[in-house]
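Engineer: What follows is a structure written as structure tokens; I'll ask about it next.
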Amino acid sequence: MLRDDDGPERRVEKLARINQVLIDRIDRLEESRGSAWSMFQAAVALEQEVMARTRDLERALADLSQRNRELAVARASAEEANRSKTRFLRAASHDLLQPLSAARLFLSMLADTPMTEHQAELTDRLSGAFESVEQLMHAVLDISRLDSQRIEFHRQPVPLGDLFRKLAIEYAPLAEAKGLRLSFVPTDAVVESDPVFLRRIAQNLVSNAIKYTNRGGVVVGARKRGPLAWLCVYDTGVGIPAVDRNRIFDEFQRLGNDNRTPGMGLGLSIVRRACAKLDHPIRLDSEAMRGTVFRVGLPLVQRQDRSGPDRPARATLPLRGRVALVVENDQGMRRGYEMILRDRLGMVARIAGGTAEALATMGDDPPDVILADYNLENGDTGVQAIAALRRSAGQAIPAVMITAHRDPQIARNCAAMQVHLMEKPVRPSELAEMLGGILA
């Protein structure tokens, strides 16, 4: 503050300080204005960058949405193609298996006739060829069913002891032909699974073990561990190298290059698919040149008390003189059934081509059992034939439905009617076993 008594120099000095303070304030103000301007410019630039990135993101999202729509269309097309494949295989299976089933029946009868050594060799080779074709067709149909999103399983208690007895009868000749010991450890375990696919799993594991075992043998058993019973298949075969233990579960994969080993490499692929669909864990342990063990975990169920006399083996139950009414429209199959039932099993075979003819053939004398093919002519089915025959006879005549279709609806219809179901191609030994059990 200037005073009147200040001298000139004092005044100049004070004015200089005041001037310097004002200059400093102006400089700070300018610096502040420059910083704010810079911040404003930066904010504008950042906003422009955000807008540009937003436009890029919107374009990317639009592209992604378009790709998702294209993928959805492609997936729908693939699923429809898979369903079409399944429907085609289901529709074609009857026409494919019908002549094969008839040929197997005739070949079985031919094997029972006196033959020269050369004829017996030809018959054995034909039987092996039919067996290979049958296994391949079953494998393709099984894979098609397991790949279908609409597959239905029929879980129920399955006694492993009964399954082991059937497998022993089925695979004993194959093991004997290779000089192998095939053993099934007795078990009382009862598990919950789909009986058809569980048998497929066990068949493929046992068959695979026999194929890749040249010395020693194969042992099949069950070990109970907590809530599970582990179905175990041991062999003394060549073993599986560690690098191949994932590959062997793929389609058309076989160990080694030995073309003499039969099969198409589909068995373990079916095992993997079926176990995955049924939630059955699968384990594999192997040692090169020492053998392999496959284990499948199956949920245990409480075994029901089945006290009372044991049932006799089905194959030994008497069939001679019993009457079977066969409803089959295919001439080859009709003749094959007639020969097997009459000449091998000693039964009386009545043959009809459809429901109307079956009713006329039966008359007032009901048969002991009905064998009906599912697909007849002009929309007629074995279900209709069995139902009509039962109504006419006034009683629930025991019946077997024979079909090449792996259709859950057919299985449900048969279960509702208490009709046994048998898949083509028909094996004479299995037919005899089933008839023996029904007519016990």
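The values are calculated or read from the model by the stated rules, or taken from the named source; none is laboratory data. In this text the structure is predicted, and so the values were computed from the model without any measurement. Note that each Cβ is placed from the backbone with ideal geometry, even for glycine, and that neighbours are counted across all protein chains shown.
Engineer: Starting from residues that are within 32 Å of the chain's Cα centre (by Cα) and in a loop (DSSP other than H, G, I, E, B), keep the ones in the stretch 346-377 and report whichever is farthest from Ala432 (Cα to Cα).
Structural biologist: Filtering first and then ranking leaves Glu377.
Engineer: Taking the stated definitions as given, is Gln98 of a type in the set (S, T, N, Q), part of a helix (DSSP H, G or I) and either closer than 19 Å to Arg200 by Cα or modelled with pLDDT under 80 (or both)?
Structural biologist: So Gln98 passes the test.
Engineer: Could you tell me which numbered condition Ile386 fails, if it satisfies all but one of (1) touching a helix residue (DSSP H, G or I) at 6+ places or on another chain (Cβ under 9 Å); (2) over 30 Å from Arg200 (Cβ atoms)?
Structural biologist: (2)
Engineer: Based on what the data block shows, is Val383 touching a strand residue (DSSP E or B) at 6+ places or on another chain (Cβ under 8 Å) and part of a helix (DSSP H, G or I)? Walk me through it before giving the result.
Structural biologist: Details: touching a strand residue (DSSP E or B) at 6+ places or on another chain (Cβ under 8 Å): yes; part of a helix (DSSP H, G or I): yes.
Considered against the rule, which asks whether it is touching a strand residue (DSSP E or B) at 6+ places or on another chain (Cβ under 8 Å) and part of a helix (DSSP H, G or I), Val383 comes out as yes.
Engineer: Are there any pairs, at least 6 apart or on different chains, whose C-beta atoms fall under 9 Å, with the first in the stretch 285-303 and touching a residue at least 24 places away in the same chain (Cβ under 8 Å) and buried (at least 19 other Cβ atoms within 10 Å of the Cβ) and the second part of a loop (DSSP other than H, G, I, E, B) and of a type in the set (Lys, Arg), and if so, which?
Structural biologist: Pairs found: Ser286/Arg245.
Engineer: Select from the stretch 386-415 the residues that are part of a helix (DSSP H, G or I) and modelled with pLDDT under 90 and write down the one among them that is surrounded by the fewest Cβ atoms within 10 Å (Cβ to Cβ).
Structural biologist: Gln409
Engineer: With respect to the numbered conditions (1) under 30 Å from Pro408 (Cα atoms); (2) in a loop (DSSP other than H, G, I, E, B), which one is the sole condition not fulfilled by Tyr171?
Structural biologist: It fails just one condition, (2).
Engineer: Here is a follow-up. Would you mind stating whether Ile402 is touching an Asp or Glu at 6+ places or on another chain (Cβ under 7 Å), closer than 27 Å to Phe153 by Cα and aliphatic (A, V, I, L, M)?
Structural biologist: Yes.
Engineer: Contact list please: Cβ distance under 8 Å, first residue in the stretch 178-191 and surrounded by 14 or more Cβ atoms within 10 Å (Cβ to Cβ), second residue among the small types (Gly, Ala, Ser) and outside any strand (DSSP E or B), pairs at least six apart or on different chains.
Structural biologist: Going by the 8 Å Cβ cut-off, the qualifying pairs are Leu180/Gly216; Leu182/Ala168; Leu182/Ala172; Leu182/Ala175; Phe184/Ala168; Thr187/Gly161; Ala189/Gly161.
Engineer: With respect to Glu423, determine if the residue is without any contact (Cβ under 8 Å) to a residue 12 or more places away in the chain and closer than 28 Å to Leu110 by Cα.
Structural biologist: Against the criterion (without any contact (Cβ under 8 Å) to a residue 12 or more places away in the chain and closer than 28 Å to Leu110 by Cα), Glu423 does not qualify.
Engineer: Can you name the condition, by its number, that Glu170 falls short on among (1) loosely packed, with under 15 Cβ neighbours inside 10 Å; (2) within 30 Å of Pro157 (Cα to Cα); (3) at pLDDT below 85?
Structural biologist: (1)
Engineer: Turning to a different aspect of this structure: Only one of Gln119, Gln149 is in a loop (DSSP other than H, G, I, E, B) and either at pLDDT below 80 or surrounded by fewer than 15 Cβ atoms within 10 Å (Cβ to Cβ) (or both). Can you tell me which? Before you say what the answer is, go through the steps one by one.
Structural biologist: Details: Gln119 fails: in a loop (DSSP other than H, G, I, E, B).
Sole residue among the options that is in a loop (DSSP other than H, G, I, E, B) and either at pLDDT below 80 or surrounded by fewer than 15 Cβ atoms within 10 Å (Cβ to Cβ) (or both): Gln149.
Engineer: Please determine whether any residue of the stretch 416-423 is at pLDDT 90 or above, touching a strand residue (DSSP E or B) at 6+ places or on another chain (Cβ under 7 Å), of a type outside the set (A, V, I, L, M) and not assigned by TED's automatic domain parsing to the domain that holds Gln156.
Structural biologist: Checked against the condition, which is being at pLDDT 90 or above, touching a strand residue (DSSP E or B) at 6+ places or on another chain (Cβ under 7 Å), of a type outside the set (A, V, I, L, M) and not assigned by TED's automatic domain parsing to the domain that holds Gln156, the stretch 416-423 yields at least one hit.
Engineer: Among the hydroxyl-bearing types (Ser, Thr, Tyr), at pLDDT 85 or above, assigned by TED's automatic domain parsing to the domain that holds Leu160 and part of a loop (DSSP other than H, G, I, E, B): is that true of Thr213 in this structure?
Structural biologist: Taking the combined requirement at face value, the residue satisfies it.
Engineer: Looking at the stretch 375-391, I want the residues that are outside the structural domain of Thr361 (by TED's automatic domain parsing) and farther than 8 Å from Gly354 by Cβ and have a partner that is among the hydrophobic types (A, V, I, L, M, F, W, C) and in a strand (DSSP E or B) with Cβ atoms under 7 Å, at least 6 apart or on another chain. Which pairs are those?
Structural biologist: none
Engineer: When you go through Val191, Val218 one by one, which is the residue that is outside any helix (DSSP H, G or I) and over 24 Å from the mean Cα position of the chain (by Cα)? Full working, then the answer.
Structural biologist: Details: Val191 fails: over 24 Å from the mean Cα position of the chain (by Cα).
That would be Val218, the only listed residue that is outside any helix (DSSP H, G or I) and over 24 Å from the mean Cα position of the chain (by Cα).
Engineer: In addition: Return a yes/no flag: does the stretch 294-306 have any residue that is among the charged types (D, E, K, R), at pLDDT 70 or above and not assigned by TED's automatic domain parsing to the domain that holds Gly226.
Structural biologist: no
Engineer: Separate question: Could you tell me whether the stretch 216-230 includes any residue that is at pLDDT below 90, over 17 Å from Ile270 (Cβ atoms), in contact with a Ser or Thr (Cβ under 8 Å, 6 or more places away or on another chain) and not assigned by TED's automatic domain parsing to the domain that holds Ala411?
Structural biologist: no
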